[in-house]
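Working notes for the structure below.
The values are calculated or read from the model by the stated rules, or taken from the named source; none is laboratory data. The model shown is predicted, which means the values in this text are computed figures rather than measured ones. As a convention, Cβ positions derive from the backbone with ideal geometry for all residues, glycine included, and neighbour counts pool all protein chains shown.
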Amino acid sequence: MNETTFMSVDDRPSGIKVITIAGDLDSMGTQTIQDSFAHAVPDRRSSVVVDLNQVDFISSAGMAMLLVKGKMLRQGGGDFFIAGVNDRVFEVLSLAGFQDLFNIYPTLEEALKALES
């Protein structure tokens, strides 16, 4: 939990926006990227995949950030998907009921394949 958390945004030709997060989504890591994450998707009708392949830890702060953005997109007619979670992060998200709210794919490639086909 000592590495710096950062994110990058990739606008795919298909119109899907991929947000890749690297580092821990604990309270400090979430605070580091929260404003960038909130502003990464100004259009509530967007399709977004959040790639958590490089996230080893997620706390309630990280889950809250994902939940707020995901609900905002869904209420605005957009889509929100989570991809690339490791077993530890998946367990935390599952306990919080995220699999009932959002589609969670094992890899970014599987998420993109499902969305772009």
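Quick notes
- Scan of region 16-42 for residues that are in contact with a helix residue (DSSP H, G or I) (Cβ under 9 Å, 6 or more places away or on another chain), at pLDDT below 95 and in a loop (DSSP other than H, G, I, E, B), ordered by number: VAL41
The rows are residues; the columns are (1) out of contact with any Gly (no Cβ under 6 Å at 6 or more places or on another chain); (2) in contact (Cβ under 8 Å) with a residue 60 or more places away in the chain; (3) over 19 Å from VAL18 (Cβ atoms); (4) surrounded by 20 or more Cβ atoms within 10 Å (Cβ to Cβ).
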| residue | (1), (2), (3), (4) |
| --- | --- |
| GLY70 | yes, no, no, yes |
| LEU73 | yes, no, no, yes |
| ASP79 | yes, no, no, no |
| GLY84 | yes, no, no, yes |
| ASP87 | yes, no, yes, no |
| GLU91 | yes, no, yes, no |
| SER94 | yes, no, yes, no |
| LEU112 | yes, yes, no, no |
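- Residue in region 48-62 that is under 24 Å from GLU109 (Cα atoms) and part of a helix (DSSP H, G or I) present: yes
- Hey, ALA61 under 20 Å from PHE6 (Cα atoms), of a type in the set (Gly, Ala, Ser) and surrounded by 15 or more Cβ atoms within 10 Å (Cβ to Cβ) or not: yes
- Which listed residue, of ARG12, ARG45, is under 22 Å from LEU112 (Cα atoms), touching a residue at least 60 places away in the same chain (Cβ under 8 Å) and not hydrophobic (A, V, I, L, M, F, W, C): ARG12
- Flag if ASP56 is among the charged types (D, E, K, R), under 20 Å from GLN99 (Cα atoms) and in contact (Cβ under 8 Å) with a residue 12 or more places away in the chain: yes
- Members of region 57-96 found to be touching a helix residue (DSSP H, G or I) at 6+ places or on another chain (Cβ under 7 Å) and of a type in the set (Asp, Glu), listed by number: ASP79
- Tally, over region 1-15, of residues that are under 14 Å from the mean Cα position of the chain (by Cα) and either closer than 21 Å to ASN103 by Cβ or not in a loop (DSSP other than H, G, I, E, B) (or both): 5
- If only residues of region 79-100 that are outside any helix (DSSP H, G or I) and within 14 Å of the chain's Cα centre (by Cα) are counted, the one that is farthest from ASP35 (Cα to Cα) is ASN86.
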